[in-house]
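**Q** Here it is, the structure in full.
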Amino acid sequence: MDGALNYLIILLVLVNFLALGSSQIGIVIRLSAIQGFLLGLMPLFMEGWGEIHIPLLCLAIIAIKGLLIPSLLFKAMRDVKIRREVEPLLGFIPSMLLGALGTVLGLVFSNHLPLLPLHKEFLILPGSFSTILTGFIMLTTRHKAITQVVGFLILENGIFVFALLLLQTMPFLAEIGVLLDLFVCIFVLGIILNHIQKAFSSLDSNKLTSLKD
Amino acid sequence: MLYFILLVPLVGGVAAYLFPSNRLRPYFLPLFSGAQLALVLGVVKENSLSAAQGWLFLDPLGKLVLVVISVLFFACLVYAPAYLFKTPEKSNRIFCACLLFLLAILSLVALSRQLELMWVAIEATSLVSAPLIYFNHNNRAIEAAWKFLLICSVGIALALLGTFFLGYSALAGGAPTTLMMDDLVRSAGSLSKPWLHAAFAALLVGYGTKMGLAPLHTWLPDAHSESPAVVSALLSGALLNCAFLAILRVTKILHAAGEGAFADRALLGLGLLSIAFGAVFMARQRDFKRMLAYSSVEHMGILVLGVSMGGIGIFGSFLHLVNNALTKGMLFLVSGNIYGAYHSKSRDDVSGAIRRLPLSGSLFLAGFIAITGSPPFGPFVSEFTILRATFENHRFAVGGIFLFLLMVVFIGMGNTVLAVCQGEPSNEAKATDFHDTFFLTLSPLVLMGIVLLLGLYIPGPLMKLIQGAADDWGGTR
């Protein structure tokens, strides 16, 4: 069973690279949906079927991260009629290289933090760190507001992977935090996206430059 | 009792949302925040109140922050109706509801003993303040609200990660796995050190973003300058202080675990950096609301600096928390009046504010003198106390840099403030139909009076409140 969880995490990291290297916003959103499904499967292998709330949690994650939020993002994408991320601050290949560097750093960093023997065989820590860094890279180097929202989603996915470590000892807390946060945040961000679009008739957060010193 | 402190503004917010009349709705604001203030003042004397299986509690530090929030909200919400009536055609439904929700959530931050609950509350503050910042519905307001949401969401996500790290440090160290403040402080010795360090770093960056500590403050000038005056006053006086409270809670755990030196070094660095950023950006700042926003960055730095010094610095910092909230709140309210008369925030267009608005203009000038730490106002006492703490700790370099930066701030800020206040108002400004009215100047005047009083004499109950908070928080070192 442990092996399966590690495979899921490796898949998650691969999806990170695909997201960093893709210019089609639709594909990036789909990739984040795939990450949502992967995350939804992870608690099963962590905990087994022992407790009733675990399968419920999995269903909730798949429903929210895998279906609801991607469909909201797709709707936003259709509304504003943009498909591609153009000329990111950092090109797609350099972003992927940076993502790879982040993964290596994640591996190094996680060696310095002592894990319980129970958790040692999992790749949770490096997987989590590299996903968080991927989210950061997307947030900071992309211009389109939608891509930035996806970047934020990926960052949160990385945090959720870490929360797996606390699932046994602090049930609910970790989960509620992540889900509530995501749910409302994206909702509000979505509303703002609409307003940006109305006011600037484009979804380019690069145009948000009138406020500076 | 604690439930009522949260419920009154919450119910008020729902009622304001459902209430149909746009003209009468703003009166809900002073009504419900007044009721909440009365409740808060009612529990000030109580010790160790708790509710909801200990998830809510009233400790001395939380009490201090709660009192500051409630007083500032009441002052600002008395001002709010007159402010909203300037644009009677604009719907204020969401605005009024969100203001009261913000009061409820900020009170929850001050009252929560459970770190996860505190995190949820701070997250919720972002969500309800975004519509407040966006109230003016123009391009600049959207930009400010978007930056605020995105940057604060990332910050808050990091704070969540830090909270998880903290939980794992308990797990890895074999301590009881809980995120209750008291339990964590009690079992701090057995927390796993590497995880605790990682947790502190993530929490400091996360909540520091919300608090506006440099270099994580980038959302702050935009949000403060583009939102309505009432909102700017509340953001800088209440919201930032709540983020500071969160940082204080976490720092306390570090101190209890014997890692206080690590935490203090980080706080000292961020504090000095914030003061420096504030000073540099305040000099030659043409937009006077942005200038006030950078002044908030500076003062958050001063708070953190005071705490990192320990001893008397903690008292100074907590006193400064009160002083800064009241002075800055008053300055933002007055800046709203000046904007109302000139329809501009730039010192290029605004001059002669004292002539055009005798009361607001004079208050703006007096507020500037107070906030830059000149006697006889409150901030002088608190900044002087913090300065004394640096010298008592033999951190002469720190004290020297602090003093130098305060001087730079004084000159830079004075430049803009004098340009705004002195001289002759332009003809367009004379032609606008805006005048100081009773309710537009009442709150700033009262706040200014309190700030002056605090510089001359600190009333007994307040002294006890601040001293109690400083003793309770600093007791672990």
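**Q** Cβ-Cβ below 7 Å, separation at least six or inter-chain, first residue in the range B:203-223 and at positive phi, second in a helix (DSSP H, G or I) and crowded, with 24+ Cβ neighbours inside 10 Å: which pairs?
**A** B:Gly212/B:Leu220; B:Gly212/B:Leu240; B:Gly212/B:Ser296; B:Gly212/B:Val297; B:Gly212/B:Met300
To keep it simple, each residue is scored yes or no on (1) closer than 12 Å to A:Thr147 by Cβ; (2) of a type outside the set (A, V, I, L, M); (3) under 15 Å from the mean Cα position of the chain (by Cα).
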residue	(1), (2), (3)
A:Ile61	no, no, yes
A:Gly66	no, yes, yes
A:Leu73	yes, no, yes
A:Arg78	no, yes, no
A:Lys81	no, yes, no
A:Pro88	yes, yes, no
A:Ser95	yes, yes, no
A:Leu98	no, no, no
A:Leu105	no, no, no
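**Q** Test of understanding: among B:Ser308, B:Ser236, which residue is within 29 Å of B:Phe164 (Cβ to Cβ) and crowded, with 24+ Cβ neighbours inside 10 Å? Even if it seems obvious, please write down each step before you answer.
**A** Values: B:Ser236 fails: within 29 Å of B:Phe164 (Cβ to Cβ).
Going through B:Ser308, B:Ser236 in turn, just one is within 29 Å of B:Phe164 (Cβ to Cβ) and crowded, with 24+ Cβ neighbours inside 10 Å: B:Ser308.
**Q** Still on this model: Restricting to the range B:280-299, name every residue that is acidic (Asp, Glu) and buried (at least 24 other Cβ atoms within 10 Å of the Cβ).
**A** B:Glu298, the sole residue that qualifies.
**Q** Scan the range B:179-196 residue by residue and report those that are at the interface with another protein chain (Cβ under 8 Å from one of its Cβ atoms) and either touching a Leu at 6+ places or on another chain (Cβ under 7 Å) or assigned to a helix (DSSP H, G or I) (or both).
**A** Matches in the range B:179-196: B:Leu179, B:Pro194, B:Trp195.
**Q** Go through the range A:133-149 and give me each residue that's more than 10 Å from every other protein chain (Cβ to nearest Cβ), more than 14 Å from A:Phe17 (Cα to Cα) and part of a helix (DSSP H, G or I).
**A** Passing the criteria: A:Thr141, A:Ile146, A:Thr147.
**Q** Follow-up question, since we're still on this one. Might you check whether a residue that is basic (Lys, Arg), assigned to a helix (DSSP H, G or I) and closer than 18 Å to B:Glu123 by Cα occurs anywhere in the range B:247-258? Reasoning before the result, please.
**A** Initially, the range B:247-258 is screened for residues basic (Lys, Arg), giving B:249, B:252.
Next, from what is left, pick out any that are assigned to a helix (DSSP H, G or I): B:249, B:252.
This time we only want the ones that are closer than 18 Å to B:Glu123 by Cα, so: B:249.
Looking for residues that are basic (Lys, Arg), assigned to a helix (DSSP H, G or I) and closer than 18 Å to B:Glu123 by Cα, one finds at least one in the range B:247-258, hence yes.
**Q** Looking only at residues that are in a helix (DSSP H, G or I) and of a type in the set (S, T, N, Q) in the range B:315-362, which one is nearest to B:Gln467 (Cα to Cα)?
**A** If we take residues in the range B:315-362 being in a helix (DSSP H, G or I) and of a type in the set (S, T, N, Q), then B:Ser317 is nearest to B:Gln467 (Cα to Cα).
**Q** Now a separate question. Scanning the range B:164-216 for residues that are of a type in the set (Ser, Thr, Tyr) and at pLDDT 85 or above, which turns out nearest to B:Asn241 (Cα to Cα)?
**A** Within the range B:164-216, the match that is nearest to B:Asn241 (Cα to Cα) is B:Tyr207.
**Q** Right, another one. Anything in the range B:275-292 that is in contact with an Asp or Glu (Cβ under 8 Å, 6 or more places away or on another chain) and either of a type in the set (A, V, I, L, M) or farther than 20 Å from B:Gly414 by Cβ (or both)? List them, or say none.
**A** B:Ile275, B:Ala279, B:Met282
**Q** Another question about this same structure. Could you tell me which numbered condition B:Phe135 fails, if it satisfies all but one of (1) at the interface with another protein chain (Cβ under 10 Å from one of its Cβ atoms); (2) in contact with a Pro (Cβ under 6 Å, 6 or more places away or on another chain)?
**A** Condition (1) is where B:Phe135 drops out.
**Q** Mind listing whichever residues of the range B:387-412 are under 23 Å from the mean Cα position of the chain (by Cα) and surrounded by fewer than 17 Cβ atoms within 10 Å (Cβ to Cβ)? Step through it out loud before you land on a result.
**A** Going residue by residue through the range B:387-412, those that are under 23 Å from the mean Cα position of the chain (by Cα) are B:387, B:389, B:402-403, B:405-410, B:412.
B:Leu403, B:Met407 - these are the residues of the range B:387-412 that are under 23 Å from the mean Cα position of the chain (by Cα) and surrounded by fewer than 17 Cβ atoms within 10 Å (Cβ to Cβ).
**Q** Further question on the same structure: Take B:Ala229 and tell me if it is touching a residue at least 12 places away in the same chain (Cβ under 8 Å) and either within 14 Å of chain A (Cβ to nearest Cβ) or farther than 17 Å from B:Ile133 by Cα (or both).
**A** no
**Q** Related question: Counting only residues that are within 10 Å of chain B (Cβ to nearest Cβ) and not hydrophobic (A, V, I, L, M, F, W, C), which one in the range A:118-132 is farthest from A:Phe45 (Cα to Cα)?
**A** This residue is A:Ser128.
**Q** Working only within the range A:93-136, note down all residues that are β-branched (Val, Ile, Thr) and more than 22 Å from A:Leu39 (Cα to Cα).
**A** A:Ile93, A:Val108
**Q** Further question: For the condition of a type in the set (Val, Ile, Thr), within 11 Å of chain A (Cβ to nearest Cβ) and within 16 Å of B:Leu235 (Cβ to Cβ), what is the one hit in B:Val120, B:Val128, B:Val109? Reasoning before the result, please.
**A** Working: B:Val120 fails: within 16 Å of B:Leu235 (Cβ to Cβ); B:Val109 fails: within 11 Å of chain A (Cβ to nearest Cβ).
Selected residue: B:Val128, the only one of B:Val120, B:Val128, B:Val109 that is of a type in the set (Val, Ile, Thr), within 11 Å of chain A (Cβ to nearest Cβ) and within 16 Å of B:Leu235 (Cβ to Cβ).
**Q** Just a yes or no: is a residue in the range B:181-195 among the aromatic types (Phe, Trp, Tyr) and more than 21 Å from B:Asp264 (Cα to Cα)?
**A** no
**Q** Checking A:Leu182 against (1) in contact with a Lys or Arg (Cβ under 9 Å, 6 or more places away or on another chain); (2) at the interface with another protein chain (Cβ under 7 Å from one of its Cβ atoms); (3) at pLDDT below 70; (4) closer than 27 Å to B:Tyr168 by Cα, which test does it fail?
**A** The number of the failed condition is (2).
**Q** Can we say B:Leu196 is buried (at least 24 other Cβ atoms within 10 Å of the Cβ) and not basic (Lys, Arg)? It would help to see each step written out before you state the result.
**A** On the way: buried (at least 24 other Cβ atoms within 10 Å of the Cβ): yes; not basic (Lys, Arg): yes.
In short, yes.
**Q** Is it the case that some residue within the range B:207-218 is in a helix (DSSP H, G or I) and more than 16 Å from the chain's Cα centre (by Cα)?
**A** no
**Q** Let me ask another. Scanning for something within 13 Å of chain A (Cβ to nearest Cβ), closer than 16 Å to B:Glu383 by Cβ, aliphatic (A, V, I, L, M) and part of a helix (DSSP H, G or I), does the range B:285-301 turn up at least one residue?
**A** Looking for residues that are within 13 Å of chain A (Cβ to nearest Cβ), closer than 16 Å to B:Glu383 by Cβ, aliphatic (A, V, I, L, M) and part of a helix (DSSP H, G or I), one finds at least one in the range B:285-301, hence yes.
**Q** Considering each of A:Phe92, A:Phe109, A:Phe74 in turn, give the residue that is within 11 Å of A:Leu20 (Cβ to Cβ) and aromatic (Phe, Trp, Tyr).
**A** Sole residue among the options that is within 11 Å of A:Leu20 (Cβ to Cβ) and aromatic (Phe, Trp, Tyr): A:Phe92.
**Q** (1) β-branched (Val, Ile, Thr); (2) free of Cβ contacts under 8 Å to residues at least 60 places away in the same chain; (3) closer than 25 Å to B:Leu462 by Cα: which one isn't true of B:Val68, the others all being true?
**A** (2)
The values are calculated or read from the model by the stated rules, or taken from the named source; none is laboratory data. Just so it is clear, the model here is predicted, and its values are computed rather than measured. Heads up, the Cβs are rebuilt from the backbone with ideal geometry, glycines too, and the neighbour counts pull from every protein chain shown.
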